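Okay, here's the structure, questions in a sec.
Taken together, the values in this text are just the output of simple stated rules run on the coordinates, not laboratory data. Please read these numbers as outputs of a predicted model, since none were measured by experiment. Cβ placement follows ideal geometry from the backbone for every residue including glycine, while neighbour counts extend to all protein chains displayed.
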Amino acid sequence: MFEDFNNKLLKLNEIDTLKEIKSTSPHVLQIITYLLIFEYLIENWLNYRLNKGYDLFRGIEKIGFNNKLYLAKNPGLPKPIFNALNEINDQRNKFAHQIFKQSLTRSEIKKIGKLANDIDCTGGKFEELGAYENGKLIRASETNCEKALLLLALYALFGKVRNFVFTDIHINTSSELGP
């Protein structure tokens, strides 16, 4: 069972959509793309947590990310992950409902980075991650480019959420080897 999930994660790393998101991509594209990835992770976590790995949402395609996130809260999604993903969903909603919103402010981006750092799971600290700008590695704490900064915050959050989901599913689907 765990092998199936691990294979899904390996495929997730290979999808072209993630490879096409760059430090120059518009904020709306970054937010929507990562929100879809987070939704995929939450769906799979719920599938394993509540339904032995089988598709919990089969036949109810109209359930949105917000509802899935709140469903995940009750069976044990850690509050820091809930808070961070809820913030990403709030930002997506702002893009959807505020027609003139073009980007996130620096303080909104730093909030996402702080929420990622608040998650007690393995993964990179937001300030320590870097992106290449003009051929030079620039740390999140050094860049003035909001597009690169958002990408680093989302990547920090992705690493923490992915590692939590991977570890939790592994622990809950594995059994000890016999004597």
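Tell me the label only: which of (1) 1.01; (2) 0.93; (3) 0.98 is Rg/Rh (Cα atoms, Kirkwood Rh) as calculated from this structure?
(3)
Take GLU128 and ILE63, extend 7 Å from each Cα along the Cα→Cβ direction, and tell me the distance between the two endpoints in nm.
Placing both labels 7 Å beyond Cα along the Cβ direction yields 3.6 nm.
Another question, if that's okay. So what's the back-of-envelope 222 nm ellipticity for the chain, counting only DSSP H runs of four-plus at -39500 (n - 2.57) apiece and dividing by all residues, rounded to 500?
Calculated from helices alone, the mean residue ellipticity at 222 nm is -20500 deg cm²/dmol.
Let me ask something additional. At 0.36 nm per residue, and after removing the present C-alpha to C-alpha distance, how many nm does the segment from GLU142 to LYS8 gain when stretched out fully?
44.8 nm
So how strong a dipole does the stretch 2-173 carry about its Cα centre when Lys and Arg Cβ are +1 and Asp and Glu Cβ are -1, to the nearest 20 debye?
320
To the nearest 0.05, how large is the calculated FRET efficiency for LYS94 and ASN172 if R₀ is 35 Å and r is the Cβ-Cβ distance?
Rounded to the nearest 0.05, the efficiency is 0.50.
Pick out the long, greasy-scoring helices in the chain: whole DSSP H runs spanning 18 Å or more along their own axis by Cα, mean Kyte-Doolittle at least -0.5.
27-51, 146-173
On to the next question. Placing +1 on the Cβ of each Lys and Arg and -1 on the Cβ of each Asp and Glu in the stretch 2-173, which of HIS27, ILE138, ILE99 has its Cα farthest towards the positive end of the resulting dipole?
Sorting the options by dipole projection puts first ILE99.
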